[in-house]
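Have a look at the structure below before the remarks.
The values are calculated or read from the model by the stated rules, or taken from the named source; none is laboratory data. Because the structure is a prediction, the values reported are computed rather than measured. Here Cβ is always computed from backbone atoms with ideal geometry, including for glycine, and neighbour counts include all displayed protein chains. Ligands, DNA and RNA are excluded from the accessible area calculation, which covers all protein heavy atoms including side chains. Shrake-Rupley method; radii C 1.70, N 1.55, O 1.52, S 1.80 Å.
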Amino acid sequence: MRKLSMEELGRIDAAAYGQFANRRVAVVLDNVRSALNVGSVFRTADAFGIYKLYLCGITATPPNRDIHKTALGAQESVAWEHFADTEVCLAHLKSEGFQLAVVEQTDEKIMLHEFAPQSEANYAFIFGNEASGVSDAAVGMADFALEIPQFGTKHSFNIAVTTGIVLWHYFVHHQAN
């Protein structure tokens, strides 16, 4: 066994990414405090070919040294837009035909392993603040909530980890359809 070289990986360049991106999936960051987490989400979004990243409220935006540190250039390939207000962003996404899925612990949720994405549906996955989660207003606008099963003493995963888990689940199920 040997590691593959960068050339052997055959990755597309940032210019071609826009044509490759999955137009059915967007990611919304609702008041995420850490620019390092934002950078990690950019990198994960790039890896899964996400259409667009919506940065809302206090969420840091490029150019930002900490975003660059963890994104490793993904902020140049993944399209992004900033909205001062998450509710305005979500209303925009609804008008564009996206189903809004908050990733949050709610009284009405779908456990992630039970979520079967519809092949023709457009999804916007909404991830919240590291301390307080997705805002109550965003939860109220959502079409449904997803929850990742957990078994330890903590109540949540880091937002960057959560994003990776949810997008991986979507990718596996979307590829099967």
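Distance between Cα centroids, segment 33-66 to segment 1-16: provide it in whole Å. Centre-to-centre (Cα) distance: 22 Å. Close amide H pairs (under 5 Å, H built 1.01 Å from N) link Gln99 with Asn122, Tyr123, Ala124, residues at least 5 positions away or on another chain.
Taken over the chain, lysine pairs spaced eight or more positions apart, or on distinct chains, with alpha carbons under 29 Å apart number 7. Run the helix sum for the chain: -39,500 (n - 2.57) per DSSP H stretch of 4+ residues, divided by residue count, reported at 222 nm to the nearest 500 deg cm²/dmol. When only DSSP H runs of four or more count, the value is -10500 deg cm²/dmol. Across Asp66, Asp30, the residue with the most accessible area heads the list, and the full order at a 1.4 Å probe is Asp66, Asp30. Computed over the alpha-carbon pairs of segment 1-84, the distance histogram in 5 Å steps reads 3, 16, 25, 23, 16, 9, 4, 3, 1, 0 percent, short to long. Classified by the C-alpha gyration tensor, the chain has a rounded form. Its axis ratio a/c, with a ≥ b ≥ c, is below 1.5. Using the 1.4 Å probe convention, the accessible area of segment 37-177 works out to 50 Å² per residue with neighbouring protein chains retained. Heavy-atom surface analysis with a 1.4 Å probe gives the chain a carbon and sulfur content of 52 percent of its accessible area.
Its Cα centre serving as origin, the chain has a Cβ charge dipole (Lys and Arg +1, Asp and Glu -1) of approximately 620 debye. In percent, what relative contact order does segment 1-142 have, based on Cα pairs under 8 Å that are 6 or more apart in sequence? Relative contact order here is 27 percent.
Measuring only protein heavy atoms, the 1.4 Å probe finds Ile58 accessible over about 110 Å².
Report, as a whole number in µm² per second, the diffusion coefficient that Stokes-Einstein gives for segment 53-125 at 20 °C and 1.002 mPa s using the Kirkwood radius over alpha carbon pairs. Here the translational diffusion coefficient equals 149 µm²/s.
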